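The numbers here are math on the coordinates, done by the rules we state, and not lab data. Predicted, not measured: the structure shown is a model, and the values here were computed from it. All Cβ positions, glycine included, derive from the backbone under ideal geometry; neighbour counts span all protein chains shown.
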Amino acid sequence: MQRSSQLVIQSAEAYQKLLIDQQLLECIRSIGRGLEQAKRGEARPMRDLLQPSPTSTDSHSQTRPNSRLQILARP
């Protein structure tokens, strides 16, 4: 069995478009996963995350998002 090597040459613009397209595809897949989680009942309304926690004693809790949102947003 013979194997042949191939070299692909493309412009920087074409490569940049490829990277952007890849990022878009990853975003679309993430949205799809989120929708599937919502269908399974694993999602929570965003307003629940943005409301201050009822157990919070912080004087600034009315002016800033709940810390639960910050935890979910971490990579």
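With each label modelled as a point 7 angstrom along the Cα→C-beta vector, the Q37-L18 pair spans 3.1 nm. Model label points for C27 and Q10, set 7 angstrom from Cα along the Cα-to-Cβ axis, are 1.9 nm apart.
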